[in-house]
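So the structure is just underneath, and the comments pick up after that.
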Amino acid sequence: MPSKTYYLDAAKTEVLTAKWGMFFKNLEVSYNGQSLGTVPSKQALEQGYEFSLPDGRSLVAQLTRNVYQPELELRLSGQPVPGSATDPRERLKRAWYTLLFIGGLNLVLGLIAALQPAEVLQSLGLGWGSVAEGLLYAGLGWWGYKRLSPAAFAIAGVLFVLDGALMIAASAEAGGSSGSGGILMRILLTAFIYQGFQAARHLRAQSQLASSEG
């Protein structure tokens, strides 16, 4: 039975645990080891189900969709629970890992195509240019994550979309097919990058506001 633990405070004294069955059925939420209850049905979880913490705070669990991938959204008093799917810092980290994955894949395939030329890889335009592109993706991801730079994620997202369009065109010209699975994967990765852009913008605005108030 999958489960995940979240900490509601920096000292990690408030522990929230969520565990569920297949397809997020029978979601049970606990606070510091004490069960808050179980969501009666998947339909109730999709609509949003409210729990009450011992101190009266409201916790809402809701099953949402990110493109075609379901994710569990947890909101405490209207704000995302730290470490949950819609937490800006979690989305920022996921966007960074996404660009690291894209960069690593380009780097490896580019090196293979450059050092051991293969007609299939070369027909897709892979080579030393892909190696440079992989390093660029990784660099933009690092910059976006460490510096809370929306521009870094925006540039990476545009490059990824253009790269996908060029790859599909090259594959079609070579008489091949990119496949619906590959296209869906690109859509999901693009969504992760876009969420990183939104998260960086949100967190930067929060940081600037805190600095001005301080």
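When the alpha carbon gyration tensor of the chain is reduced to an equivalent ellipsoid, its three semi-axes come out at 39, 22, 14 angstrom, largest first.
Within the chain, the whole DSSP H helices whose Cα atoms reach 15 Å or more along their own axis and whose mean Kyte-Doolittle score is at least 1.6 are 150-173. Taking every alpha-carbon pair in the stretch 44-120 and binning the separations at 10 Å intervals from zero gives 16, 31, 20, 15, 11, 6, 1 percent.
Straight-line reach from Lys25: taking Cα to Cα under 26 Å and skipping same-chain neighbours fewer than 8 places apart, the lysines in range are Lys4, Lys42.
When only C-alpha pairs under 8 Å and at least 6 residues apart count, what is the relative contact order of the chain, in percent? Write out the running numbers ahead of the final one.
On the way: 324 pairs, mean separation 31.1, N = 214.
Rounded, it is 15 percent for the chain.
Beyond 13 Å, the tail of the calculated P(r) for the stretch 3-80 holds 66 percent of the Cα pairs. Of the chymotrypsin sites (Phe, Trp or Tyr not before Pro) found in the stretch 38-71, those in coil by DSSP whose Cβ has at most 14 other Cβ atoms within 10 Å are Tyr68.
Every number in this text was worked out from the coordinates using simple rules, so none of it is lab data. From a predicted model like this one, the values you see are computed outputs, not experimental measurements. Reconstructed Cβ throughout: ideal geometry from the backbone, glycine too, with neighbour counts over all protein chains shown.
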